[in-house]
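Presented below is the structure to which this report refers.
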Amino acid sequence: MQITLDIPDNYLTPHTTAPLLQQLKLYAALFLFQTGQLSRGAACELAGTDIYSFLVACKQYQIPVINYLAEDLVAELTRFNERHPK
């Protein structure tokens, strides 16, 4: 699928078109990942980047890469400690 985006010419030069396109794809992927609409792998594919570069971008924009509630972690640790007493 192709999406067309109209950007005023004063924001573009022949040297900025490709980097701007890459940046827009990354921002879209980050937003869709952050809102739970894309998995990490799908977001990397949309952004056209590898997982490590995507994780660096997530850190840069303070986007959590692990969606795990503190309460869930506490519950799992409690269950683990009950099954494996000291």
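Which numbered condition trips up Thr35, out of (1) at pLDDT below 90; (2) loosely packed, with under 10 Cβ neighbours inside 10 Å; (3) not acidic (Asp, Glu)?
(1)
For the condition of a type in the set (Phe, Trp, Tyr), out of contact with any His (no Cβ under 7 Å at 6 or more places or on another chain) and surrounded by 12 or more Cβ atoms within 10 Å (Cβ to Cβ), what is the one hit in Phe80, Phe54?
After applying the criteria, what remains is Phe54.
Given (1) exposed (fewer than 10 other Cβ atoms within 10 Å of the Cβ); (2) closer than 28 Å to Thr4 by Cβ, identify the lone condition not met by Asn67.
(2)
For region 44-77, name all the residues that are at pLDDT below 95 and either over 13 Å from Leu30 (Cβ atoms) or of a type in the set (D, E, K, R) (or both).
Residues satisfying the conditions are Ile66, Asn67, Tyr68, Leu69, Ala70, Glu71, Asp72, Leu73, Val74, Ala75, Glu76, Leu77.
The values are calculated or read from the model by the stated rules, or taken from the named source; none is laboratory data. Just so you know, these numbers come straight off a predicted model, no measurement behind them. Virtual Cβ from ideal backbone geometry, glycine too; neighbours counted across all protein chains shown.
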